[in-house]
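S.K.: First the structure, which I've put down as structure tokens, then a few questions once you've had a look.
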């Protein structure tokens with residue numbers, strides 16, 4: 001089975017397909033269990049899911065059937081292979097957003113998978129000649145709008161690192177709903193402070209910087225300019241993500257970054273699986289520096305009791321001319 005759908009599934013349908021792929025935990029569960037899982041999601045994530053469901057409902061019947069068929073085929077694969085195919089689909093969907101309308105039309109008209117792959121190879125080669133793109137396309141750094149912001153994940157990790165190994169092991173065994181419920185209960189008992197976020201002023205300044213970027217056009221600009229609740233959430237996530245592109249954190253040694261990643265719970269580590277090595281390293285560095293700001297480093301023995309509050313983000317500065325190059329070192 002090819003990771004790329006056949007010609008009957010147009011490129012724009014990938015966004016709707018990701019409704020099911022982004023939340024595989026709901027598959028095969030009962031109505032009550034799914035309802036509880038939905039209630040356990042952050043409000044922002046529920047709003048995003050609701051918008052995706054509405055997009056799916058607007059599709060024609062043959063398009064819905066094609067998506068369901070592909071999802072059913074994925075469900076028959078071993079778990080490890082499912083993760084690989086979902087990662088490919090996710091990265092392909094994000095890559096489609098970097099294309100012009102004409103290029104997407106050409107791709108949709110490709111008669112066979114072989115012709116489609118040949119065109120994809122050609123388009124990728126053309127994009128690779130753009131020296132201003134950097135090692136990772138800007139859209140790949142900004143457009144992954146699922147889940148939690150870097151600030152939220154850093155807060156979660158900071159608390160996770162304070163838990164004794166036995167309690168971590170107990171939580172690891174729980175399902176996603178019970179796991180998050182348990183973490184929330186424990187963090188409230190520990191009186192963990194509020195999540196660090198960009199101030200309204202910093203958010204506004206960073207949004208202006210993003211709008212000025214030559215690459216911030218088309219799909220990205222639409223997300224910045226729309227006014228619906230869901231688009232406002234996407235806009236905030238884009239701005240948060242771009243802040244760390246415009247203000248890259250201080251580099252981290254490969255040894256410390258590996259030590260940090262190893263200490264993460266498996267269900268957070270797995271969110272980096274679909275990323276290219278340099279992009280995974282960049283995002284890991286962001287989380288690392290939110291917890292261990294410049295001047296502090298993870299102990300050689302690994303994270304112990306919490307290293308203190310998440311450090312406030314530095315004031316946004318003038319964005320670099322090109323996407324920052326990640327620190328050198330072996331891929332994570």
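The values are calculated or read from the model by the stated rules, or taken from the named source; none is laboratory data. This structure is a prediction, so every number in the text was calculated from the model and none was measured. Positions of Cβ are backbone-derived with ideal geometry, glycine not excepted, and every protein chain shown enters the neighbour counts.
Let's see how each residue does on (1) closer than 18 Å to residue 249 by Cβ; (2) at pLDDT below 55; (3) within 23 Å of the chain's Cα centre (by Cα):
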{"site": "176", "(1), (2), (3)": "no, no, yes"}
{"site": "184", "(1), (2), (3)": "no, no, yes"}
{"site": "201", "(1), (2), (3)": "no, no, no"}
{"site": "220", "(1), (2), (3)": "no, yes, yes"}
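S.K.: Here's something else I'd like to know. Kindly establish whether residue 153 is modelled with pLDDT of 80 or more and either closer than 22 Å to residue 241 by Cα or surrounded by fewer than 14 Cβ atoms within 10 Å (Cβ to Cβ) (or both).
M.R.: Considered against the rule, which asks whether it is modelled with pLDDT of 80 or more and either closer than 22 Å to residue 241 by Cα or surrounded by fewer than 14 Cβ atoms within 10 Å (Cβ to Cβ) (or both), residue 153 comes out as yes.
S.K.: Now for a separate question. Taking the stated definitions as given, is residue 74 part of a helix (DSSP H, G or I), modelled with pLDDT of 85 or more and either under 25 Å from the mean Cα position of the chain (by Cα) or on the phi > 0 side of the Ramachandran plot (or both)? Spell out the reasoning first.
M.R.: Details: part of a helix (DSSP H, G or I): yes; modelled with pLDDT of 85 or more: yes; either under 25 Å from the mean Cα position of the chain (by Cα) or on the phi > 0 side of the Ramachandran plot (or both): yes.
Yes; evaluated as a whole, the condition is true for this residue.
S.K.: Something else: State the number of residues belonging to region 77-124 that are more than 30 Å from residue 268 (Cβ to Cβ) and within 20 Å of the chain's Cα centre (by Cα).
M.R.: 1
S.K.: May I ask you to list the residues in region 294-332 that are modelled with pLDDT of 65 or more and surrounded by fewer than 19 Cβ atoms within 10 Å (Cβ to Cβ)?
M.R.: 294, 295, 296, 297, 299, 300, 301, 302, 304
S.K.: Could I ask something else about it? Since residue 144 meets every condition but one in (1) over 20 Å from the mean Cα position of the chain (by Cα); (2) closer than 24 Å to residue 40 by Cα; (3) modelled with pLDDT under 85, which condition does it not meet?
M.R.: Only one criterion in (1) over 20 Å from the mean Cα position of the chain (by Cα); (2) closer than 24 Å to residue 40 by Cα; (3) modelled with pLDDT under 85 is unmet by residue 144, namely (1).
S.K.: Somewhere in region 264-271, is a residue part of a helix (DSSP H, G or I), crowded, with 18+ Cβ neighbours inside 10 Å and not assigned by TED's automatic domain parsing to the domain that holds residue 47?
M.R.: Within region 264-271, none of the residues are part of a helix (DSSP H, G or I), crowded, with 18+ Cβ neighbours inside 10 Å and not assigned by TED's automatic domain parsing to the domain that holds residue 47.
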